[in-house]
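Take a look at the structure set out below.
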Amino acid sequence: MEKTNQVMLELISGERLSFGNFSYEEGGFTDGRNTIPEWEVRQFVLNYFLTLENLKINA
């Protein structure tokens, strides 16, 4: 969860330009075509880190 919060803060602050297909522009998240709710981006980021952790455990 800590990594997820860090990525979200980096996206909103502009420190990180994108994560996956998502970026933060003009006060909202986007996939380049559509506006995406914050919860959906947060869920994607969290699932990314959970998958990486699971791969490490099962490797």
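Near the amide H of PHE29, under 5 Å away, which other amide H atoms are found, from residues 5 or more places off or on another chain, if H is placed in the peptide plane?
Sorted by chain and number, the residues that satisfy this are ILE36.
Which cross-chain or sequence-distant (5 or more) residues have an amide H under 5 Å from the amide H of ARG16, H modelled 1.01 Å from N in plane?
LEU11
Averaging sequence separations of C-alpha pairs under 8 Å and six or more residues apart, then dividing by the length of the chain, give the relative contact order as a whole percent.
Result for the chain is 25 percent.
Toward the positive end of the charge dipole of the chain, about the Cα centre and with charges on Cβ (Lys, Arg +1; Asp, Glu -1), which of ASN47, SER23, LEU9 goes farthest?
Ranked along the dipole, the leading option is ASN47.
Can you tell me the accessible area per residue over the chain, all protein chains present, probe 1.4 angstrom, in square angstrom? Walk me through the numbers before you get to the answer.
On the way: 4510 Å² over 59 residues.
Per-residue accessible area for the chain comes out at 76 Å².
Need one number: nm distance between label points at ASN47 and MET1, each 7 Å from Cα along Cα→Cβ, rounded to one decimal.
It is 2.0 nm.
Expressed in nm², what is the orientationally averaged projection area of the convex hull enclosing the Cα positions of the chain?
Approximately 4.2 nm², given one-decimal rounding.
Please report, in debye to the nearest 20, how large the charge dipole of region 2-59 is about its Cα centre when each Lys and Arg carries +1 at its beta carbon and each Asp and Glu carries -1 there. Please list the in-between numbers first.
Numbers: 5 positive and 9 negative charges, 46 e Å.
That gives region 2-59 a dipole magnitude of about 220 debye.
With a 1.4 Å probe and all protein chains left in place, how much of the accessible area of the chain comes from carbon and sulfur atoms, in whole percent?
That fraction is 52 percent.
The values are calculated or read from the model by the stated rules, or taken from the named source; none is laboratory data. Treat the numbers as computed from the prediction; the structure is a model and nothing was measured. Every residue, glycine as well, gets a Cβ built from its backbone with ideal geometry; the counts of neighbours run over all protein chains shown. Ligands, DNA and RNA are stripped out before the accessible areas are found, and what is left, the full protein with its side chains, is counted by its heavy atoms. Shrake-Rupley method; radii C 1.70, N 1.55, O 1.52, S 1.80 Å.
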